[in-house]
Structures are given as C-alpha cells and as structure tokens.
Amino acid sequence: MSYGSVPESTAKIDFWLKSHRDGFGLFINGEWVNTTENFDSVNPANGRCLAGIAAASSDDVDAAVQAARAAQPAWEALGGRGRARYLYRLAQLLQKRAREFAVLESLDSGKPIREAGGVDIPLAIRQLHHHAGWAQLMETEFPGQYALGVAGQIVPDSSPLLAAMQTIAPALAAGNGVVLKPAERTSLTALMFAELCEDADLPPGVVNIVTGDDKAGGYVVDHPGIDAIAFAGSAEQGRDIRNRAAGSGKKLNLEAVLKLPFIVFEDADLDAAVEGLMEAVCGNRGLAGIQLLVQEGIEQRAIDRVRARMEKLRVGDPLDNNTDLGAFDPACREHIARLVEQGVGDGADLWQAGSDDRQESGCYPPTLLGGVEPTNIVAREPIPGPVVTVTSFRLPSEAVELAGGGPAASLWSENINRALDVGPQLKVAEVWINSGNPCDTAADAGRDGIEEYLRPPFELTDTESAPAAAGMATVADAAAVAAPPPEARHYIDGGQVSPENGEFMAVTDAAGRTCGYVAEGNRKDIDRAVRAASRAEGWSRSSGFDRGQRLRQLADSLHDRQAALIARLERTTGVSGEAAVREFETGLSRLYTYAAWADKFGGAVQLPSRAGLVLTVNQALGVVGIGCPDRLPLLSLVSLLASALAAGNRVVLVPSEKCPLVATDFFRVLETAEIPAGAVNIVTGARDALTQALAEHEWVDGLWCFGHAAGCRSAQQTATRTGKRVLAGNGSVPDWLSREAGEGRYFLRAACRVKRLWIPCGD
C-alpha cells in the first residue's frame, strides 16, 4: 500500500516571512532591536534560508535583563489573578494561529507537520492555560511566596515552541520577568510568539527574547541580574552552567540530554511495546538517545519486529502529513553518522531501513544497532534521531543498572506488580508503564513546576561569619593543655569510631578556654561514613510511618538530655540560659514536626486527559551530605538532619566547626534512639574541607552546604561533576528559630526527587 502526498500549505507563513525580509531583531522591552551581527535560519529539508536573525551581544543581553528587572515588580504586583488574564489571552491568541505556528515550526526545525500540529502546538497552548490556572490560585495555594525575580531560559532545538512555553508559562504565572534564549537553529516560533505578546498588550519588558548562538546563552547564564536559570541540553553544557552559577545564588532548573531506556520484559505485549518505541523514534530529535533493553528470551523476536516496523516508517518532506520522520540539519546528521560509525567500531551490529534512493534530502534512515555492550560508546552517549540501540538483560536488577539515570524511562510488562517494583528503582524522573511517551500538562507541570519559580516566604539573610583564628586550637596547642577533657570521636555506622589519622583538635568555649577535643576528620573518614550510609538502604525502603516513629523516638531521647545540651549551648556559644532553652525547645519541636511529615509527603495522584493514572512520588535522593552552619549549632543540625531523614535519606553530616561538641553530645541521643546503623553518620573537623570531600564523593547523591560563602561556592562547583542535587546557603542561613523559614516543605522538597509513574488503565 502506498500513500499519496498530502502537503501542508505554506502560503500564510511565506507571506509572514516576506514581511520580515529585512530580518528579525531582538525583542527587548516590548520593542524590536537590531544588532550588528546576524545569522541565517535555514530549512533543514532543503537548505534554503528562511530569514535573517539577530545575534545578541553581551550588551543586548544586559539590556534585556535590565528591561525584565524594571518590569518585574509591577508584573508581580498585578497579583495572580491579574497575571492569569494575560496568560489566558496569550493562550487564546496562540490557539487562533496554531496552524501557522505548526507550519513555521516544521519549516524551521524539520519536524513532521503531523507532530508539530498534532502534539507540540496543542501542548504549548495547554501550558499557558494550565499555568494561568495556577496564577489564578496563587494567593490561596502559595501564600507568602513570591517571585524569584528575572528568569533566564535557554531552550533546545527539539520542540522549540513547546520547550519555550514549558519555561515561560510557569515563570510568568509566578510573577517573574523572562529573558528567553531560543536554540540558534530554531528561533522563528519564539519570535512569532513575541508578536503574540505585543497583541496581548503584555507589559513591556515582562518577556524579552534574545537570539544567537551558545555565546548569547553564556551571557544569560553569567549575568548578575538573572535570579533563575532554566536549561535543557547536553549534559556537558549543563555541568558548565552549574559550575558557572555556583555560589551566585541563582536557582537552577537543568535537564540534561541522556539515554531514554525502553525496558521490555518477556511477558510484555510486544506489538504494543514496538509501537510505543516507534512513537519515541519519530519524536526523538535530540533530547535523548533511545536504548532498547530487552529480556534475553525475546531479544530476537523483538529485533525482528522493530526492523519490520522501521521498514514501514515514512521518511520525507516534513510538510507532508503522511511523513513520520522529517529532516535534520547537516551538522546533526554528521553527528548521528559519526556516533553510529563509532558504535559499529565498538562491536555493534548495524541495520538500516530502506535503500539509498528512498532517503530524502535532510533525512537520516531508521537505524538499529544490535548487540550493544555497556562499554560501547553508543550505550553511554545519547544519539539524536531515529537510532535505536539494543542490549539484552536477564534479571530486573540488570535492567535497572543498564538503564542508568536520566529524565525518563519506558517500562513494558503485563505484570503490574513487576512494573511497580522496578519502576521506583529506576533513577529517572518519570517512568512510563506500557506507554511510549505520554504527555499531560497537569501531570508534567504540577505544583512542583511552578514552585521552581517561587521563593519561600523567607530569605536567607543571617550571614555565616568567617571562622575566628582563636575559635579552634591546633593539634599542637592541644598537647600543651593540662588535664585535657575527654576526646569525642566520629559517629559512623551506629557507633563512635576513632579518626583515621588518629588526630584530635581542641575546641574553645565562648570565653576562649579549651572545653573539649573532637576528632579531626579527613577524606578517609568521609569515605567510611559515606560507605556506611550507602549500606543503610533499609532506611530509604522503610515506610513513612516507620520513619516517623523512629524520629519521635529520637525526639524523646533528645528530651531526656535537655539539661546537658542546654548547658553545652550556654558554655560553647555564650548565649544566655533563656536563649539556650529556646534553641533546645525549638529543635525538639522540629523533630516532632518532621516525624509528623514523614508519612505525609509521599506524593499525589493525577488524572490525565488520556485513560490512566499518574502517580507523583516524592522519592529520597539517597545519601545526602550536610555541612552545618555555626549559627544555632543544635537547632540547625536538628533542622537539616530531621528533614533529610523524614524524606528517607541516609545522612553524612559535618557539624558546626566552632561548636562541634553540641554534635558529639548528640551522639548519645542517637545511641539511645532506634535509628538504624548507618542512617546517620557525623564526622567532625574542618567543615569546608570535609564538605568538599562530600562534594567529590561519587556515592553522595545530594549536598547541602550552609558554611562560608567561599566554601559553599567551591563545593557547588565540585558537585557539578557528579550531578548532585545541591542546596546551598552561600554564606547565609535561614532564621532557624522561625517556623516559616526553618522547617517544612522547603527542606522536604530539597530532600526529594520527584518521580512520576504513568499507569495506563482501561481500553
């Protein structure tokens, strides 16, 4: 059976492009601004120039940021309901011109018109509608929270308009100003959206669009007037952004391009799994490399069916409504071909659908690479385009290990018990059960999406002071002190252990007198503690109810040591008895609060538009390293430790450097409570150096730094190499005594990664 051509008319877009024959400027402060440098936007299907586009300089980006910063206070002052009206208006305008946007996106990106018009543009409209709803509910659902300020957003060339709306809509709903930098090769739909902003009478400066190459994106990242950065792209670029933004206080929302695993078990509906795989193949334009992980017993059957289905994919003109696979620009095609060649060189078996005369200009043939070993480059590097790598597995645990981490995974099995057992083990943000690539805005852009663009109802304003020279004696000083107090060791794997180097250091009280000795930790001590935490997986697997019970027992044990800890606070920090009592009692209350939260922060259920359920699960990070501040040493320790434990994490904690004896007294509390060995580990010593060691350790999944600004910045930069989740005070700390600032959802969200399980049901 053959299909006739069903081309989409380009008449309206041709007229629109002709009206911009002189090129497109930058959209800054509600006006179009010309630049001295320009570049061409080229149709990847035929190589023709569509339009000239301005290339932003650092001065242009500065002007855009300044415009957004000037407009943002008034935009936020409109209130959620005022902003909602603008977002609804933008959604209506986009809907009226939906077909124009779809055709322009297909011309500019090479995406098949069927996907652009049937999936991407409707979802972009839905993003605006959905976040208009959040804006309407802002005052009731997010009381006391406020906008970050100016959001810098760098979006990829895959689904360019949808990616832009996924970042612009929540930022505007929350009251932020926006500086958007679209992908260099696919900027035209973003510029057409700028015209919608004019038509909607959006206040000038609220949305600014600067075009250009990676240099322009770098100007956005580095600008001191940017408060938040959203980025989707390569893992290498993401690491670079994290490194450059470390210590700046900018909030980061980064999505790295990684592999997209399709895990197919022997009991799966193989035909449905192959169809789901083809959906991903046709929609894969650079956000992931498709990795088929198939159980050994059905490997050959699966390969045969994938090949047969790939042969039927229609490759050709992106504007033809029958086309499945569109065009890629020459640089992308060369990148795909180079990786495929390297994969074959590493031992993969190459198969490609169709013959040379079937391939249209700008297309890349559907490709299957079989027999891919984990060491093969194509098992590690994502390949954009219609390329599937195949690796077999025997046990579910092997599939989990081979899948690695990333934004999403697709899991196929007719056994729902198996799916719900394996799904939560995968180190991905979303698990699509028996589905190829489900899309629902309410599920994808839930409450946590808009919270990325909001500040909590408090500021980190109390500055962590630099360490005083007299605050810590050297080891040599310690030897000169007569009748030394007892030495406190580290707390690792459920008991006290001596430091690896055998060294202790003196601690002075508020009056400068030596009041005790603590172990001087080093990297080996941190490694011992991290390994102990890694072994304590039972704590993460335990129920929220069980964790809550253990935290209540910990609070009871803390209460039993009230007199000793208050006396310690008075002597080591020099505070009054009343202040010490307040710190202790607030810490005790905080433990009980997180015990209450432990079984109440599990997640939620969404009902998407298609049949099925989406389970949103708040899942523990794993092993969290914590560097505690000197301010309120007991309360800050309890606040950070309890929130991490309540969420199911295991902790390696470095206490206050000035007042570590408060933490060593806390050992006694841990020993009498029923916290499993390894769930809590405490290493004393030079906080910034030990926090740096935690940042470097590859088994640490999250890092919380509340030390000096320089130490926080260094740890953040180091953590980028291993992709850790970072919560950093950058020299400032919350008001720990305040309930709004010192406890609750802010820290619980930092202690979790959100995972979505898509479960189809019905027909």
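The values are calculated or read from the model by the stated rules, or taken from the named source; none is laboratory data. All values reported here derive from a predicted model rather than from experimental measurement. Reconstructed Cβ throughout: ideal geometry from the backbone, glycine too, with neighbour counts over all protein chains shown. SASA here: full protein model, heavy atoms, side chains in, ligands and nucleic acids out. Shrake-Rupley method; radii C 1.70, N 1.55, O 1.52, S 1.80 Å.
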Stretch H559-Y146 to full length: gain in nm at 0.36 nm per residue minus the Cα-Cα span?
-> 145.0 nm
Report, to the nearest 10°, how far helix 661-672 tilts away from the longest principal axis of the Cα atoms in the chain, using its own Cα long axis and a range of 0 to 90°.
-> 80 degrees
Mean projected area (nm²) of the alpha-carbon convex hull when segment 290-383 is viewed from all directions = 6.4 nm²
Here the chain gives, from Cα atoms, an Rg and Dmax in Å of 27.9, 96
Could you tell me the accessible area of K12 in Å² (1.4 Å probe, neighbours in place), rounded to the nearest ten?
-> 140 Å²
Distance in nm between pseudo-label sites at N38 and D735 (7 Å out along the Cβ direction from Cα) = 5.5 nm
Hey, can you find the accessible area per residue of the chain for me, probe 1.4 Å, expressed in square angstrom?
-> 39 Å²
Return the distance in nm (one decimal) between the two label points of a simple spin-label model at E398 and R380, each offset 7 Å from Cα along Cα→Cβ.
-> 2.1 nm
Which of K181/K724; K250/K755; K18/K111; K111/K251; K181/K251; K12/K215 exceed 29 Å between C-alpha atoms? The answer is K111/K251; K12/K215
Quick one: net charge of H129's neighbours, Cβ under 13 Å, K/R +1, D/E -1?
-> +2
Rounded accessible area of Y86 (nearest 10 Å², 1.4 Å probe) | 60 Å²
Rounded to the nearest 5, what % of the DSSP beta bridges within the chain are antiparallel ones?
-> 35 percent
Helix-derived [θ] at 222 nm for the chain: sum -39500 (n - 2.57) over DSSP H runs of at least 4, divide by residue count, nearest 500?
-> -13000 deg cm²/dmol
Rg to Rh for segment 84-239: what is it, with Cα atoms only and Rh by Kirkwood?
-> 0.96
Taking Cα atoms of segment 591-685, Rg/Rh with Kirkwood Rh, to two decimals?
-> 1.12
If R0 is 60 Å, what FRET efficiency do you get for K12 and N501 from their C-beta distance, rounded to 0.05?
-> 0.25
Is the shape of segment 154-253 best called rounded, prolate or oblate, per the rule: a/c under 1.5 gives rounded, else a/b larger than b/c gives prolate, else oblate, with a ≥ b ≥ c the square roots of the Cα gyration tensor eigenvalues?
-> oblate
Would you please put 319-328, 633-642 in order of how densely packed they are, using the mean number of other Cβ atoms within 10 angstrom per residue and starting with the highest?
-> 633-642, 319-328
For K524, counting only aspartates and glutamates whose alpha-carbon sits under 12 Å away and dropping same-chain residues fewer than eight positions off, the answer is E500
Principal axis dimensions, largest first and in whole angstrom, of segment 562-609 by Cα = 61, 16, 14
If R0 is 45 Å, what FRET efficiency do you get for R535 and L137 from their C-beta distance, rounded to 0.05?
-> 0.55
When the accessible area of the chain is computed with all protein chains present and a 1.4 Å probe, what percentage of it is carbon and sulfur?
-> 48 percent
Along the Cα-to-C-beta direction of D269, a point sits 7 Å from the Cα; which residues of segment 402-427 have their amide N less than 20 Å from that point?
-> 409-423
Would you please give the residues with an amide H less than 5 Å from that of D317, counting only those at least 5 places away or on a separate chain, with H modeled from the backbone geometry?
-> none
The extension gain from K215 to R244, computed as 0.36 nm times the residue separation minus the Cα-Cα distance, is 9.1 nm
Cα-Cα pairs in segment 258-324 separated by more than 16 Å, as a whole percent of all pairs, come to 49 percent
Accessible-area ranking of H129, H20, largest first, probe 1.4 Å | H129, H20
Solvent-accessible ranking of W16, W597, largest area first, probe 1.4 Å = W597, W16
State which stretch of the chain is the longest one without any exposed GluC sites (Glu not before Pro), exposure meaning a DSSP loop state and at most 13 other Cβ atoms within 10 Å.
-> 38-413
Please quote Rg/Rh for segment 1-100 to two decimal places, taking the Kirkwood radius as Rh and restricting both calculations to Cα atoms.
-> 1.09
Classify segment 484-553 as rounded, prolate or oblate from the Cα gyration tensor: take a ≥ b ≥ c as the square roots of its eigenvalues, call it rounded if a/c is under 1.5, otherwise prolate when a/b beats b/c and oblate if not.
-> oblate
